[in-house]
Every structure is written in C-alpha cells, then in structure tokens.
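Accompanying notes for the structure given below.
The values are calculated or read from the model by the stated rules, or taken from the named source; none is laboratory data. Fair warning: this is a prediction, and the values are worked out from it, not measured in the lab. Note that each Cβ is placed from the backbone with ideal geometry, even for glycine, and that neighbours are counted across all protein chains shown.
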Amino acid sequence: MNTKKIVRSSFLSLIALLFSSTLFAHGGAAGTDTDQCKFELEPDHWIHYTAYQSKQYPGDEFCGSLPESAAHTQLVFDYQDIRYRNMAVEFEVTKEPEGTRVFFQDAKKHKSGTVILTLPNGVPESGKYLIHITLHKDNGERLDAHMSFKSGTGAPTSSMDLIIYLLAGLAGLYVFYLSNEGFKKKVDSMVGDATKL
C-alpha cells in the first residue's frame, strides 16, 4: 500500500470515528452506568437530572457545571423507575460549603415522572452547590440523594465545536500535504520509516 493511500485511509478513519454516535452518548459511553447526570436513590434505581439556561444558551444541556450564576435556570428531573411516581418528593438547593438554602420545594407527588424546577434568577453567586432530593415513602421511610454542581463556570465550548475545529485543521493539513511537495516528501519519508519498524 503506498503512502498516499495510508494517509487517506487514516484521515477517513479519523472522520468516521469522530462522527460515531456512541462517542457522544453520555460523555462517550452508553447507559446509566456511565451517566454523570443522575442520582442513585437505591441500588439500580435512578433519577436523571438536566439543567438548562435557555435564555443565555438555547438548546444546551448542562449537568455538573452551569455557565451563569444569576441567570434563569431550569432543573429537570426524570424518574427512571415508575414506582417513585407515587411518592412525594422534596427538592432543596444549598450553597456549599456553608449549606445556605437558595431554593426549596415542599414534598409533593409528580405523577408524570418529570419534575421541572424553575429558578428565575438562578443561584445568587458563582461557586459550588448541592441538590438534595428526598422521597417520602407511605410507610414514613425517606430516600435521600445528593448531587453537586458548580455555577458561574463561563460559556461552554461544545464538543461539536471542538470537532469542527479539529476537522478543519486536519483538512487544511491534508490539503497542505497534497499541495506542498517538500512537506509531502517529508511525511512520506516518515511514514515509510514507520512501516519498516
């Protein structure tokens, strides 16, 4: 196989890898075992969490880091087990490490399995926060779960933006390889030496 075919095959393989759908699912892995945006209530029973700041970042989903502090924020919780829909659930958000309460919603049932909490002014300042979820069972037992997030982390750079920059850079390098005879000879020589190993 000649050098030109090796370079072309490598370039096409990289593009195929970058556009693989499994690369982006839950941070590069599939399933709830690797999902960073979830609360474990009991072994193998979860609540999934997503945060939105749709006025500043329409269409973007957040989890452990919110770009803005004093911004309209929605926290969305989805029960992944239907049995929790018959339990009253209480939500609280506290500023850490002080434990100062910035949001609270009394326990109530959410039969749809999805709860949307709206913080019209977000959280008061940048820093670390903790979401507390308490489910109340009919027998008086309580299930508690906690998840932390940081607020005021700044505008996110999406993974798609990084991929576009990477592809543009690789395409430019490939065009330069094809159009510059000196660079092409150097790369071909390096590839030839590498294939001898």
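Summary table below
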item: Residues of segment 108-123 satisfying the condition of being surrounded by 14 or more Cβ atoms within 10 Å (Cβ to Cβ) and in contact (Cβ under 8 Å) with a residue 40 or more places away in the chain; result: 117, 119, 122, 123
item: Residue tally, condition of a type in the set (Asp, Glu) and more than 15 Å from residue 133 (Cα to Cα), over segment 82-105; result: 2
item: Matching residues, segment 99-125, being farther than 17 Å from residue 68 by Cα and touching a His at 6+ places or on another chain (Cβ under 8 Å); result: 107
item: Filter result (over 12 Å from residue 123 (Cα atoms) and hydrophobic (A, V, I, L, M, F, W, C)) within segment 76-102; result: 76, 77, 82, 87, 88, 89, 91
item: Options 140, 127, 172: the member that is among the small types (Gly, Ala, Ser) and not assigned by TED's automatic domain parsing to the domain that holds residue 62; result: 172
item: Condition broken by residue 149, with the remaining ones in (1) under 15 Å from residue 52 (Cβ atoms); (2) free of Cβ contacts under 8 Å to residues at least 60 places away in the same chain satisfied; result: (2)
item: Options 107, 71; residue that is farther than 18 Å from residue 39 by Cα, among the aliphatic types (A, V, I, L, M) and out of contact with any Cys (no Cβ under 6 Å at 6 or more places or on another chain); result: 71
item: Scope segment 40-77; condition under 14 Å from residue 147 (Cα atoms) and without any contact (Cβ under 8 Å) to a residue 40 or more places away in the chain; matching residues; result: 46, 48, 50
item: Residue pairs meeting the criteria (Cβ under 6 Å; at least 6 apart or on separate chains; first under 30 Å from residue 63 (Cβ atoms), in segment 156-183; second modelled with pLDDT of 75 or more); result: 156/67
item: Residue count for segment 141-180, restricted to those that are over 20 Å from the mean Cα position of the chain (by Cα) and modelled with pLDDT of 85 or more; result: 4
item: Residue match in segment 153-164 (condition: in a strand (DSSP E or B), surrounded by 14 or more Cβ atoms within 10 Å (Cβ to Cβ) and touching a strand residue (DSSP E or B) at 6+ places or on another chain (Cβ under 9 Å)); result: no
item: Any chance residue 134 is among the hydroxyl-bearing types (Ser, Thr, Tyr), surrounded by 12 or more Cβ atoms within 10 Å (Cβ to Cβ) and outside any strand (DSSP E or B); result: no
item: Those residues of segment 108-131 which are among the hydrophobic types (A, V, I, L, M, F, W, C) and not in a loop (DSSP other than H, G, I, E, B), in sequence order; result: 115, 116, 117, 119, 130, 131
